[in-house]
1. Check Ile86 against each of (1) at pLDDT 95 or above; (2) buried (at least 16 other Cβ atoms within 10 Å of the Cβ); (3) near the ligand (Cβ under 9 Å from one of its atoms) and name the one condition it does not meet.
2. Would you be able to tell me the number of residues in the range 42-51 that are in contact (Cβ under 8 Å) with a residue 40 or more places away in the chain and either under 23 Å from Val65 (Cα atoms) or hydrophobic (A, V, I, L, M, F, W, C) (or both)?
3. Does any residue in the range 62-74 that is at negative phi and in contact (Cβ under 8 Å) with a residue 40 or more places away in the chain come within less than 8 Å, Cβ to Cβ, of a residue that is more than 8 Å from the ligand (Cβ to nearest atom) and in a helix (DSSP H, G or I) six or more places away or on a different chain, and which pairs are these?
4. Scan the range 56-67 residue by residue and report those that are of a type outside the set (D, E, K, R) and more than 10 Å from the ligand (Cβ to nearest atom).
5. Leu79 - would you say it is over 24 Å from Asp121 (Cβ atoms), in contact with a Leu (Cβ under 7 Å, 6 or more places away or on another chain) and surrounded by 12 or more Cβ atoms within 10 Å (Cβ to Cβ)?
6. For the range 5-58, what are the residues that are in contact with a helix residue (DSSP H, G or I) (Cβ under 8 Å, 6 or more places away or on another chain), outside any strand (DSSP E or B) and on the phi < 0 side of the Ramachandran plot?
7. Against the condition crowded, with 18+ Cβ neighbours inside 10 Å and touching a Gly at 6+ places or on another chain (Cβ under 8 Å), how does Glu62 come out, does it pass?
8. Quick one: would you say Ser102 is within 26 Å of Glu31 (Cα to Cα), among the polar types (S, T, N, Q) and modelled with pLDDT of 95 or more?
Amino acid sequence: MLTKIDHVGIAVESIEDALPLYRDVFGLEHEHTETVASQGVRVACLSIGESLIELLEPVDDESPVAGFLEKRGEGIHHLAAGCDDIEQAREAAEKAGLRLLSDEPLDGAGDKLISFVHPKDTGGVLLEFCQRADERARED
Ligand code: CMX
């Protein structure tokens, strides 16, 4: 059901300031930066092996990441598990009594479908399920 660590999301005040550490010091490839309007974030994606590090910068004060930065400061924001069937992952979570943070999967960075589980139900970890476009295509 959950197949890999797709990415780790890191909340940052500024992508411009945070990027050099990962790109220039550690040599990770900066794949792209995009804005995910529905989540109120700019996201810089860096590949590390089969997974990604996503640097998350809020675009406004309403962004969940803005609230996180205010409360906790910069740091690891969420853990994203790749899955081949996001509906199945959502159903398993619901069956276990976990709260999903949206009624249906949403569009996320990198043309993925995403869903979050409330961190209070998962031992303090904001867990994301995500399904990549190539997995979606395989379903069609
Ligand atoms: N990881 C772990 N715990 C978190 C958390 C996080 N990222 N964000 C909030 N919490 C905790 C808070 O510390 C707080 O705990 P306490 O009550 O013990 O202090 C509790 O959850 C409630 O937090 P809050 O600050 O009151 O925030 P809200 O309830 O308003 O929202 C959450 C929390 C997780 C429901 C909201 O941030 C959310 O819906 N997140 C999902 C969407 C998202 O994060 N999008 C941005 C990234 C998108 C992307 O990667 O594309």
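The values are calculated or read from the model by the stated rules, or taken from the named source; none is laboratory data. Everything numeric in this text was worked out from a predicted model, so none of it was measured. A quick note on method: Cβ atoms are made from the backbone with ideal geometry, for glycine too, and the neighbour counts reach across all protein chains shown.
1. So the condition that Ile86 fails would be (3).
2. Summing the residues that are in contact (Cβ under 8 Å) with a residue 40 or more places away in the chain and either under 23 Å from Val65 (Cα atoms) or hydrophobic (A, V, I, L, M, F, W, C) (or both) in the range 42-51 gives 3.
3. Close Cβ pairs (under 8 Å, with a partner that is more than 8 Å from the ligand (Cβ to nearest atom) and in a helix (DSSP H, G or I)) amount to Glu74/Ala18.
4. The initial filter retains those residues of the range 56-67 that are of a type outside the set (D, E, K, R), namely 56, 58-59, 63-67.
Result: Val59, single match.
5. So Leu79 does not fit the description; no.
6. If the condition is that a residue be in contact with a helix residue (DSSP H, G or I) (Cβ under 8 Å, 6 or more places away or on another chain), outside any strand (DSSP E or B) and on the phi < 0 side of the Ramachandran plot, then Val12, Glu13, Leu28, Gln39 are the ones that fit.
7. no
8. no
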